[in-house]
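Presented below is the structure to which this report refers.
The values are calculated or read from the model by the stated rules, or taken from the named source; none is laboratory data. What you are looking at is a predicted structure, and each value in this text was computed from that prediction instead of being measured. Every residue, glycine among them, receives a Cβ derived from its backbone with ideal geometry; neighbour counts consider all protein chains shown.
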Amino acid sequence: MEGVYLLFILLLSIFIGFELIHKVPATLHTPLMSGANAISGITVVGALALAGNESLGQYSMYLGAFAVFLATINVVGGYMVTDRMLAMFKKKK
Amino acid sequence: MMLDATSNTDLLINFTYILCAAMFIFGLKLLGHPGTARRGNLLSSLGMLLAIVVTLLDNSIVTFQWIAIAMLAGAVVGFFAARLVAMTDMPEMVSLLNGVGGLGSVFVAWATIQIGVALSTFVLLVTFLALLIGCVTFSGSLIAWAKLSERIPGRGITFTGQVIVNVLIVLAIIGIGYLFVARPETALEPDMVLYIALGLTLLFGVMLVLPIGGADMPVVISLLNSYSGLAACAAGFALQNNLLIVAGSLVGASGIILTNIMCKAMNRSLSNVLFSGFMPVTSSDMVIEGEVKAMSADDAYYVLEAAQSVVVIPGYGMAVAQAQHAMKELQTILEENGAEVAYAIHPVAGRMPGHMNVLLAEADVSYEHLFEMDDINKRIENFDVAMVIGANDVVNPAAREMKGSPIYGMPVINADLAKNVFVLKRGMASGFAGIDNPLFFKPNTHMIFGDAKETLGAIIRQFAD
């Protein structure tokens with residue numbers, strides 16, 4: 001049953017995603033992409049649970065820690081570079 | 001229901017995850033409008049911070065040493081990458097970040113199967129999917145990055161028998177997927193199966209992006225962006241983590257929408273973009289009439305000086321020549337001279353969605369001067385001058401007039417309908433598709449050959465004198 005319930009969540013969030021993004025103006029396509037990419041760094045949350053759990057064994061912890069490293073690059077780099085771009089988008093003075 | 005300390009923390013974590021999901025959703029919503037986009041990105045990043053902090057409360061997380069080192073190192077790398085990257089290298093940066101995100105999901109999947117507990121078939125299946133999508137995202141993004149930074153040739157790379165090789169790779173992935181999920185008694189150790197799966201899926205990502213040409217990069221980058229979300233989503237299924245599923249599918253959906261917009265802007269289907277490298281080049285026997293007329297920057301000055309309205313149509317060539325700052329300078333001069341200046345941006349101009357917008361924003365051009373193709377086409381006849389800077393296929397009238405042309409039917413900016421057309425271009429080489437551009441032969445078109453930045457500089461100097 002767990003899988004079915006997760007599929008439900010998947011379905012609904014894909015619909016929300018489509019509704020949210022489909023009217024974004026072309027000006028914002030790049031920041032949207034890099035901002036969305038930063039959100040995909042959410043794997044860091046999954047990686048944390050693996051990296052800090054001793055009962056899973058050393059091997060899993062090291063792999064998890066490396067995943068934390070990669071996902072953190074994705075999160076920090078993604079949000080910062082998006083902000084840098086958005087700061088440049090200005091109106092007429 | 002038992003309400004001991006453990007389940008209370010679990011409850012807190014999951015309630016906070018709901019809040020985080022809401023922050024991502026509102027963040028993306030705000031990202032959709034230029035005025036609120038920055039706040040939206042901030043809200044989404046706060047959601048991420050909250051998600052990370054609350055996850056650390058999880059009772060099963062007992063050692064923080066490796067977490068601290070990994071997060072610190074990741075934050076430092078991310079910080080400097082985001083700070084130091086030049087705005088002109090943004091397509092490369094975005095594809096690298098996509099790749100890193102994909103690889104993160106691969107390692108989450110890898111760690112999941114090393115746990116040592118017997119996993120259900122469902123978990124093994126979604127773990128394999130996370131591995132597959134993550135690896136394809138990673139190696140595909142690396143190839144895209146190498147193409148964009150011209151470490152490998154930007155054109156599509158094909159070889160004889162490529163289709164057969166690809167089919168074999170797909171079959172092998174299906175086979176290894178079966179061994180991975182069903183775990184039948186075979187001579188192969190589970191570890192061996194994992195390594196073969198990693199190798200095959202990485203190879204698949206390379207083979208997927210290799211045959212795609214530089215001008216189709218906007219589609220590829222959006223697609224890889226989507227994959228990086230879907231990989232996170234699959235990892236969420238493997239870990240049974242709702243927040244990963246929600247956030248991952250939001251990213252997946254946004255990437256798919258962008259991919260779709262890019263494909264529509266080229267009047268091609270996604271499969272056509274992905275596989276056209278294998279198709280024979282359609283040659284057109286259309287004869288273009290007229291002759292190419294070259295013009296000097298000095299002569300262009302006289303026309304521009306008298307012009308009441310100018311529309312600028314930038315393309316990838318402007319990014320290569322780094323001509324955006326010179327263009328902004330010329331814009332200011334033209335405006336002081338009483339002319340109206342507008343920029344017409346084609347959705348696939350450049351190497352990623354919105355590439356031209358980022359470049360012009362960097363040069364301090366207000367986004368209110370930037371118009372989408374449909375807005376400008378309605379009134380293009382009224383412009384005295386259309387300046388085409390480093391764009392080719394996106395202004396090719398063959399898309400409108402020549403039925404046999406490979407790009408026939410693609411929506412283009414109708415630059416040829418303006419009263420005068422200046423094409424700033426290095427030489428007479430044809431665009432990506434190798435198609436001649438009848439625009440260059442129109443009676444109202446003048447070619448100004450040379451580096452776009454230098455040409456603009458020469459015009460600016462004329463205004464100063």
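Annotations
- Residue selected from the stretch B:31-80 under the condition hydroxyl-bearing (Ser, Thr, Tyr) and in a loop (DSSP other than H, G, I, E, B), by the criterion farthest from the other protein chains (Cβ to nearest Cβ): B:Thr36
- Filter result for B:Leu19 (more than 7 Å from chain A (Cβ to nearest Cβ), without any contact (Cβ under 8 Å) to a residue 60 or more places away in the chain and part of a helix (DSSP H, G or I)): yes
- Scope the stretch B:81-105; condition outside any loop (DSSP other than H, G, I, E, B) and either touching a His at 6+ places or on another chain (Cβ under 8 Å) or more than 8 Å from chain A (Cβ to nearest Cβ) (or both); matching residues: B:Leu84, B:Thr88, B:Asp89, B:Met90, B:Pro91, B:Glu92, B:Ser95, B:Leu96, B:Gly99, B:Gly102
- When A:Thr30, A:Thr43, A:Thr82 are screened for being under 30 Å from B:Leu125 (Cβ atoms), among the polar types (S, T, N, Q) and facing chain B (nearest Cβ under 7 Å), only A:Thr43 passes.
- Cross-chain or 6+ apart pairs with Cβ under 7 Å, the stretch A:52-67 first and closer than 13 Å to B:Ala68 by Cα, then surrounded by fewer than 21 Cβ atoms within 10 Å (Cβ to Cβ) and hydroxyl-bearing (Ser, Thr, Tyr): A:Gly52/B:Thr63
- Pairs, first within 7 Å of chain A (Cβ to nearest Cβ) in the stretch B:229-253, second acidic (Asp, Glu), C-beta under 7 Å, six or more apart: B:Gln240/A:Glu2
- Condition met for B:Ala118 (assigned to a helix (DSSP H, G or I), without any contact (Cβ under 8 Å) to a residue 12 or more places away in the chain and in the same structural domain as B:Phe237 (by TED's automatic domain parsing)): no
- Some residue of the stretch B:107-118 being surrounded by fewer than 21 Cβ atoms within 10 Å (Cβ to Cβ), more than 9 Å from chain A (Cβ to nearest Cβ) and small (Gly, Ala, Ser): yes
- Test result for B:Leu424, touching a residue at least 24 places away in the same chain (Cβ under 8 Å), in the same structural domain as B:Ile333 (by TED's automatic domain parsing) and within 16 Å of B:Tyr301 (Cβ to Cβ): yes
- Some residue of the stretch B:398-420 being crowded, with 17+ Cβ neighbours inside 10 Å, part of a strand (DSSP E or B) and polar (S, T, N, Q): yes
- Taking the listed residues B:Leu360, B:Leu330, the one that is within 13 Å of chain A (Cβ to nearest Cβ), in a helix (DSSP H, G or I), touching a helix residue (DSSP H, G or I) at 6+ places or on another chain (Cβ under 8 Å) and within 30 Å of B:Ser149 (Cα to Cα) is B:Leu360, with no other qualifying.
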